[in-house]
Structures are given as structure tokens and as C-alpha cells.
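Read the structure below first, then the notes.
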Amino acid sequence: MLSNHKLLKHISLVVLTCYISLITQPVQAAIQQEVFARPKPKTDNSTPISQLEQMRELVKKLQLQNSLDAKPNRTTALVQWQTRQQQRAKLSTEQVLALQQGFEKEQQAQQAQFAQVEQHIMAKKLPAEILQRHQDTVKQVQARHQQLQNSLQALAKAQQQNNALERDKALDTLNKQLDDWAGERAQYTDSKHLPWSSPSNKVRAPLDSKQAYLQHLHDVLGVKPLQVASVGATLPTGTVWPVLPKLPFEVQATDTAANEDVQLTPAIQAKAAELDHNPAKIYKWVYDNIDFVPTYGSIQGADFTLQSKRGNAFDTSSLLIALLRASNIPARYVYGTIDVPTPQLLNWVGGVQNVDAAQNLMGQGGIPNVALTKGGVDVAVRMEHVWVEAYVDYVPSRGVVNKTPDTWIALDAAYKINQYTAATNVQQAVPFDAQALITAAQQGATVNEQGGYVQNLNQQAVQSALTDYQARLQSYIQQNPTATVGDILGTKTIKQYASRSLSAGLPYKLVAVAGDYHTLPDTMRHYFSIKLYQNASEARLNEASTDLKISTVKLAGQPFAISFKPATAADEQTINSYLPKPHADGTPIQPSELPQAMTGYLIKLSPEITLNGQLLNNPSTASFMMGEQIYSQLGFISPNQSPVLTEKMIEAGEYHALGIDLQGLSQQQLTSLKTQLESTKTKLESQDPTQLATLTKHDLTGALLQVGVQSYFALNDVQDKIASSQANVITNRFLSFGTFSSNLQPNLKYGFPLNVRFAGMMMDIDRLMRQAVAKNNDKQELIAFVASQGPRQSANEHLIPEQLFDDPTTNITDAEAVSAVKALQLAAEAGQKIFTVTQANINTVLPQLNHKAVIMEDVRNAVNAGKVVTISQRAISYNGWTGAGYSIVDTQTGAGAYLIGGGADGAIMTAFIQSMIRMAEVMPPYIMIGMGVGLVGMTAYLSRIINNGEIVAAITLVGVGLTLVGTGKIINNKTTCRLGTGLMMSGLSTLMRLAGIFGTPVGSAAARLRMAASGATAALIFSYFHCEGLGD
């Protein structure tokens, strides 16, 4: 067992992840000197609201109240309206002025703090530029304070004189000042592009001739067709278009070369060798083993397609070309337009039941397509497509023996036929009394549909009903002990390529060929964009100080991060000045000696964007005060689809591990994280100064955070497949991203970050996209399915961090996190009303809510845009965190946003620091890292997990629930729909809990059932808006 001294060292190593992410040199020294530990923070994990912030809230809420009270047209009503407006302004003014005395006391306290900071600067002999930075900040704070005082005096004078006009002017001036000095930008939800949704299925028609491709070139880029008629034609700067002169028949050096999409990695070379460098064997292996995804453009490249065993036509072609080129077989891309007969198309894209569903799915993936009809019947679909041509020894063996190449032959390993088996209909096997559960849940509860809220759902009754149903499910499973995963979920397998030789041609009608290529053009690529803005002016002008665009092929499977470093040596020295020095006698520093915060405005930080630890940007182009809020835009730029960049607020000094899920994760990707964590563990255990000196912030902080965000995507990908298999729906993950980050909380004063402290961890899934279509293209079935998934996806945002940082060997809850769905559940358990806000009731519901102005504005904007919001009556306090969770759902699509605190799609770890120290009292951080390693292995253990009877029961429960949701929508029955949502969440709740511990359940069956019942209760709350508008 480790000594107390060593435990203190290990405690500090994990808890100080925020500071580790800023600077590595002091941390490395600290590890060697055994000097770090972390004080146990106060129970209250939230910064008290200052008088300045309270003023801003009061003025903002006055504006919001006035906006809800629309100006009438009638004269009589207008007088009453003006009276109401003046009364509200008068009351708000009284409240603002009542804060003035406390406001002055705060300023006096702040002046004393400024004096202490200056003493620190002098005592530590910090550079002159740091002292100047401090003095400049003090002057600006004093100047802004005086301006605000003048505004308050004008407001007090107008109030005293009862001058409504001057009072309104003074309030407007005060509001503008407080907004300008807020130091933070409100992050509102983009109701037009909800973050958890599907892409649009609107795409252009496919081009069907060489002339059409040339004309499109002219129309889009303004290039005359004659300019591309010969080699050497020029295009406008920065543009590359796929209509190019046909490549020569003769083999070129680039026909066997690597490029961005065709990576000749050791794995590619090993697979080519395993297939004897034979073109026929290579083609057959790619055809037989790579699952087709109906999307457009180069997304992940050859190597990741080999890892994940799935990809679209571009990625599959990249893999085929890579294996051929690794075998020294010349190969090229070919792009054109094809016609695919209806039966083959329906099978190929995923087993849909009609052409509309197939087009819907392909359109979401960005594939230009159009249906071809004959006699009113859809006989085929015309689509743009890519395939391969390879130069092989075709005569006479058709590639079986490849000695003397003689023919360029067309190969399409993406186009294939699949074999499907249906999922078990568990609803018929184990029927459920829907009305009984609803009646039980409503015992003692208040369901006021006219008032738009529910309150006090009967959780005990829900648990009892689920206990009975799960017993019957278990009995059914025991009666069918030989049932497999495939029996329950259904299967999809590729019908194997039967011939040993290469085919004589393409298996569909070729309409037009645009060109052939050694390297794919830029217009066929997907990119990820990151823009960081130095200030509000840059954001308004869209002039980012950091502007990075990187192809998704480079991102596939690689750890990606945004972090910060000291901008100058003076900033590094300032950070070091806050860190304790080692004791002369070698004893470790005690927790009470460590800094609980840093003075943010003294320290300038520069952003670093890294891929697998390699720097991608120039950090010197921008610098920010520690704790300063940075406005950023992140998102994908895709061919054939309009870019949608997500607004994201980042505090300078945080470490953001960016998780990218393009079309599903690979086991190798997760294994690489595991290897990195194990390497870090080994170095930490060695206590060898040489090895410790090699550790970076990406090893110590980044890898652990990457485990969290990648595990979120891995778990959701698995759950999506399970859920969709029981819902008659096809889903494919598509271009999603999110972050798991350290979370800084600055104390802002007039826009300046004064004290900045580490406030835990934040999981924020910015874009969770999926291709999704009901197999019969039924819109209502799809809406029901998509809407039912949101609560589960939100719950994962708190479950994954909790599982990552919790010790599974004890019954103590070491880590707590809050997501939108959990916050709503906690509010419901506390007896709060949970409101469903619509355009029909917003004017009556909004005045009953008590939340921050930014949340109230977000709710109003979303409802005005036609969305439905679910929110508690007031904020909750949980483990020191105070805030609110709410959801925004589009009832026309099921798309949604699940938010905490206003604008953040995610979950916050409420007691991260406390839990870390409690855990470290009994185990060092490398065991925590080991827990992360275990969590990463989730997908590898999936087949073993599902063999567990309780897991099969959970899947069955999901199936029943989804079936009931869809049935309720179809038959227009609210009760059935609500029941289905509850059962689905119950099953998924059980699945999530068990998946997190790899089939080794911790705790009693009753405890696990309580978890399931709790999830079902939260789902029942959500079901009241998922199923809104249906009949009884």
C-alpha cells in the first residue's frame, strides 16, 4: 500500500489537470519533487452572484417581461399596456437601486484584493509587464465603476422624479454598459439547426453527361467549359473541380503512390501481404468485409476504413486503391453517374422498403440522386458514384494470376448485396398492460395539461410495475435459452463475392463519366473547421484570429484537442509564482498550501490546436487572459451540403478534448487510447525523472478526457443500433463531435477575469448527427424514434463521466455529474412542476419560471421558432452546483437540444475535485486511469455483455418501448406513446449501467432496478411532450 506522502503526490497529479494543461515544466518538476496536493474545496461549488451580476439579471428580465407583453392596437388597451410597462420599470428600478450599497462594498473589497495582487507581484519579483498589466486593469475597473455609478445616479434621479422617459433612458444606458462589460457572451440555441438531429435530405439532381458536368463547372465557378478542354487548364484560385481531362492510358508514378486518402500504413501493407498482393483476392476481401454506408465524399480514408470495416463508396474505393497500390498494382478513382435498379438499391443502402426511404437516406448522406419512373413505378435511381479502375493481368486469368498487366479494369467493391434477418417482435411475446402503468404513475401526481406541467409522478408505483414486467421478461428469456443477439436484434451480413476472378464489368448501368483521378479533388472532401475570435469585433466581421480547416480523413481515429500555453516567458513565470516550493526536508506539500485560484487578468495564454499531440496552428496569432471567454465556431464543411458551424464558448486555460465520430468508431481507435493510458501509468509508477519529463499535458490530461468523450460516442453508437433494430428504423452515425473538458470558472468584474478557479469537468456534445429513416419512410415512426432517443443521449452525458471517475470496487458514489435529463429528474423528485412550453401557453408559463435571463431568452426564442421546451419551474442545487436543465425539441422531426445552464449541450461534473480526493485516499490515480482503460474496452466486450440475461431483458424492454412509442404515434394514442417512452428508457438505463461495468454488476438487483425506475420516471416526464397532441 502506498505511503501517505506518495498518495498526496498522486492526488495532485490528477486533480490539478487544469493547471497541468497550461504548463508542463512545473508539473514535471512537481512530480519529481513530490510537492503537489489539492485542498478539499468547500461544499458550495458555485461562485456567489455579485451585485453587478444581479443588476444585469434584473435589467435583462425586465426586457424579457416587456417583450412578452405585446403592444396592443386599441387605445384603451394601449393605456393599460403603458401602465404595466411603467409599473414593471419602476419595480425593477427599485430593485436595482437597492443593490447599490452592497455594490459599493464589493468595490471596496475588490480594491483590497487589487492591493494584495500587487503585493504578490512585488514579492515574487514578476516582470515589469505583469505589473503594468495589473495597473492597467485596476485603472479600467475604476473607470468603469465610475461610469456605472453615474448611470445609477441618473436612474435614481429619474425614479425620484417619477420621470418615466428618463428612467427608461437610464435603464437602457445601464443595460448597454452591463452588456458591454459582461465579459461573457450569451450562447443561445440555434433553433434552425438543433444539435442532435439528422442532416437535410435535399440534394441536387445527379449530372448525367460530360456536358452537364462541364456546364455545372461553368455555373458554379464561372469557368468557361473550353478552359478545361485540355491539359493545363486553369481554375480560379483555391478551387479544384472534378471535371478534368481523362488520365492517359499509360501507367503514371502517381498510380502507385500514397496520398491523403490512400494511406500506405503498416496495417494496409500487412493486409495486402496477407492477400498475397493479388488483385482478385484484394477485391474479394474488400467486397466481403466492408459494410457500405450511403454517404458522399471522402470522410475517413483507407486506413480508418480498414480499422472500422465500414465506409461509403469513396472510402471503400480509397481502401481498395491503397491495398492495390501497396501491392504495386496501379489504381485510380473514377467518378460518374450510374443507374441502380430499385430492388438492388433498397437492399444495398440498408434494407429499406421503398425508393422514397432509399432516397431519403442517400439525400441525408449528400448523394445526388433522382428516381426514374416507368408507368408510374420507380424502376431505378440515378445517382453520382465513385469506383476504381486497376491495371491488372486480366487476360486470360481475369486477375487470378497477376504477372503481366494488360488491362485497366473497373472494380466497385462498395456496391454489394446484403442478407437480412428480422428482429424478434418482443411485444407479441411479452405483452404489457400500458394503461396500468400510466394509472400507477399518476397516483398522487398532478398532470395539468391545460397548465402545461406535471408534478410528483409516483416513482414507487413505476418501480413496482417494472419489477413485475421484468420478472415476466426474465421468465420468457429462460424459456428460450438458445436465443442469440442476432435473434433479438436481427442481422445484416454481406453476401460473399462468389467468383475467384475479377468481374468483366460494373454491375449497373453507366450513364456518364466525369473523370478519373490519382487523388480525389478537394470538392469531394469533408473538412472540420475551427475558428477562434480575439474579440466581439472579430466575430461580427467574421475575421478569426485562429482559422483552421483540416480534412476529416486526417482526423479519423486521432486524438484532437484545443488547449492553451503561456503566451510569453513572463506569463509562465507568473503561473509558477502561484505554485508552492518544495519543503527543505523533502516532506510533501499539504493541501492547504496549494492555490485555489489564479489571478486571470495577469496571465496571457495562447491557444494550441493539436492532432495526436502535433501542433496545427500558430499560437502567436492570438492571446487571451486566463478565464477570458473566447467565442469560437466549430463544425463540418461538407460537399453538397451547406456548412453549419456551432457556436461554442471556451474559457482561456481550459483543455478541450475534441471527440470526432465520423461514421462510427473503430476498436483500434479505442485501443490506441488504452495503450496511451497504460504508457502514462507505467511512467508514473516508475518515478524515473527521465521518463516523467517526457509526459505532456496530452498524456496527463488529454488522454483521460479523450477516453470520456470517445466512450460517449462508442456507447451511443451501440445503443443506436440496438434501439433502431426494434423500431423499424435504419440509423448511421454521421459527422458528429463534442468535447470533454476541464471547466474554469472565472470571477468576472467589469469584463475582467479576476480570480479563476477550476470548477470540475464538462461534457458538451455539440453535434450528434445520424442518418435516420423508417424502413417504410413513415415520417411519424421516424419522429417517434428520434424524439425518444434524446433523453437517453442526454443521460449518457452524465453517466459516462460518473463511470469514468467512480470507483467500482466500493459502494460509495465518488463522482457526480448533472445532465439536462438528470437536472429535470432531480427537479421532479424535489416536487417541482415540470413545464412543457409551447406557442399556445408561453405567455402564461414563462412568467411562472424563475431562471437566469439567458435561459428565459433561450426558451422564448425556441418556442417562438415553433419548438417545444421542457423545463423545471426553477433552478436546482446539487452538490454545490446551481443551475437548470431543459430540452428543446422540434416536433416535426424529433430533433432536439438537451441543455444545462443555457446554451451548453452537455453535463457538468459537480463534485469532481471532492470525488478525486476521496478516491485518492484509497487508491492512486493510475488505478483511475485503469478504470478509464476499462471503459474504453466497452465495444470489445459487447458480445459478451449481451449474453447476460439481464442485458437481453433490457433489450427486450427497449423493443417493447419503441414499439409502443411508434404504435402510439400511429394510432394517435397518448397513453401508449408515453408508456413506450418510459419502458424504452428503463431498458436503456439498465443497459447503460451494465455496459459501464462490463457485465459484472455491482450492487443488488433491487438497486439496479431502482436505477431503471429512476430512468423510466425521467422518461415519463419527457413523454408528456414527446406525445403531446395525441388523443387519449
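The table below lists the values:
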| item | result |
| --- | --- |
| Of residues in the range 456-508 being of a type in the set (K, R) and in a loop (DSSP other than H, G, I, E, B), the one nearest to T446 (Cα to Cα) | K495 |
| Set Q470, Q459, Q463, Q478: member being exposed (fewer than 14 other Cβ atoms within 10 Å of the Cβ) and either in contact (Cβ under 8 Å) with a residue 24 or more places away in the chain or not assigned by TED's automatic domain parsing to the domain that holds G399 (or both) | Q478 |
| Residues within the range 330-356 that are assigned to a helix (DSSP H, G or I) and surrounded by fewer than 23 Cβ atoms within 10 Å (Cβ to Cβ), tallied | 8 |
| Residues of the range 762-793 satisfying the condition of being crowded, with 24+ Cβ neighbours inside 10 Å and without any contact (Cβ under 8 Å) to a residue 12 or more places away in the chain | none |
| Total residues in the range 256-300, condition touching a Leu at 6+ places or on another chain (Cβ under 6 Å), closer than 23 Å to L502 by Cα and of a type in the set (A, V, I, L, M) | 4 |
| Pair list, Cβ under 6 Å, 6 or more apart: the range 353-369 residue under 21 Å from S209 (Cβ atoms), other residue aliphatic (A, V, I, L, M) | I367/M383; P368/V203; N369/M362; N369/V381; N369/M383 |
| Members of the range 852-883 found to be part of a loop (DSSP other than H, G, I, E, B), at pLDDT 90 or above and either more than 20 Å from S191 (Cα to Cα) or among the hydrophobic types (A, V, I, L, M, F, W, C) (or both), listed by number | A865, Q873, A875 |
| Search result, residues across the range 155-199 that are small (G, A, S) and either more than 30 Å from D720 (Cβ to Cβ) or in contact with a helix residue (DSSP H, G or I) (Cβ under 7 Å, 6 or more places away or on another chain) (or both) | A156, A158, A164, A170, A182, G183, A186, S191, S198 |
| Of the criteria (1) among the hydroxyl-bearing types (S, T, Y); (2) buried (at least 24 other Cβ atoms within 10 Å of the Cβ); (3) more than 30 Å from A267 (Cβ to Cβ), which one T739 fails | (3) |
| Residue match in the range 511-518 (condition: under 25 Å from N743 (Cα atoms), crowded, with 18+ Cβ neighbours inside 10 Å and in contact with a strand residue (DSSP E or B) (Cβ under 6 Å, 6 or more places away or on another chain)) | no |
| Residue in the range 422-443 that is in a loop (DSSP other than H, G, I, E, B), at positive phi and more than 37 Å from the chain's Cα centre (by Cα) present | no |
| Boolean, A380 is outside any loop (DSSP other than H, G, I, E, B) and in contact with a Pro (Cβ under 6 Å, 6 or more places away or on another chain) | yes |
| Any hit, the range 899-906, residues being under 24 Å from the mean Cα position of the chain (by Cα), at pLDDT 85 or above and within 24 Å of Q793 (Cα to Cα) | yes |
| Test: residue in the range 496-503 that is at pLDDT 80 or above, hydrophobic (A, V, I, L, M, F, W, C) and surrounded by fewer than 14 Cβ atoms within 10 Å (Cβ to Cβ) | yes |
| Selected residue (criterion: nearest to I562 (Cα to Cα)) from residues of the range 518-527 that are out of contact with any helix residue (DSSP H, G or I) (no Cβ under 6 Å at 6 or more places or on another chain) and modelled with pLDDT of 90 or more | Y527 |
| Residue list for the range 639-679, filter: surrounded by fewer than 23 Cβ atoms within 10 Å (Cβ to Cβ) and among the hydroxyl-bearing types (S, T, Y) | S642, T646, S666, T671, S672, T675, S679 |
| Residues within the range 650-694 that are among the acidic types (D, E), over 23 Å from I800 (Cα atoms) and assigned to a helix (DSSP H, G or I), tallied | 1 |
| Scope the range 610-628; condition in a strand (DSSP E or B), surrounded by 20 or more Cβ atoms within 10 Å (Cβ to Cβ) and over 20 Å from the mean Cα position of the chain (by Cα); matching residues | F624, M625 |
| Test set (1) surrounded by 19 or more Cβ atoms within 10 Å (Cβ to Cβ); (2) assigned to a loop (DSSP other than H, G, I, E, B); (3) not hydrophobic (A, V, I, L, M, F, W, C) - H277 fails condition number | (1) |
| Qualifying positions in the range 83-119 - surrounded by 13 or more Cβ atoms within 10 Å (Cβ to Cβ), among the polar types (S, T, N, Q) and closer than 23 Å to N843 by Cα | Q85, Q86, S92 |
| Positions within the range 367-402 being among the polar types (S, T, N, Q) and farther than 25 Å from A331 by Cα, in sequence order | N369, T373 |
| Residue tally, condition over 18 Å from K697 (Cα atoms) and either assigned by TED's automatic domain parsing to the domain that holds P294 or in contact with a Leu (Cβ under 9 Å, 6 or more places away or on another chain) (or both), over the range 739-762 | 10 |
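Results for (1) surrounded by 18 or more Cβ atoms within 10 Å (Cβ to Cβ); (2) touching a residue at least 24 places away in the same chain (Cβ under 8 Å); (3) of a type in the set (S, T, N, Q); (4) part of a loop (DSSP other than H, G, I, E, B), shown as yes or no for each residue.
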| site | (1), (2), (3), (4) |
| --- | --- |
| L520 | yes, yes, no, yes |
| F528 | yes, yes, no, no |
| S537 | no, no, yes, no |
| G557 | yes, yes, no, yes |
| S563 | yes, yes, yes, no |
| D571 | yes, yes, no, no |
| D585 | no, no, no, yes |
| Y601 | yes, yes, no, no |
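The values are calculated or read from the model by the stated rules, or taken from the named source; none is laboratory data. Bear in mind the structure is a predicted one, so any value in this text is a computation, not a measurement. Note that each Cβ is placed from the backbone with ideal geometry, even for glycine, and that neighbours are counted across all protein chains shown.
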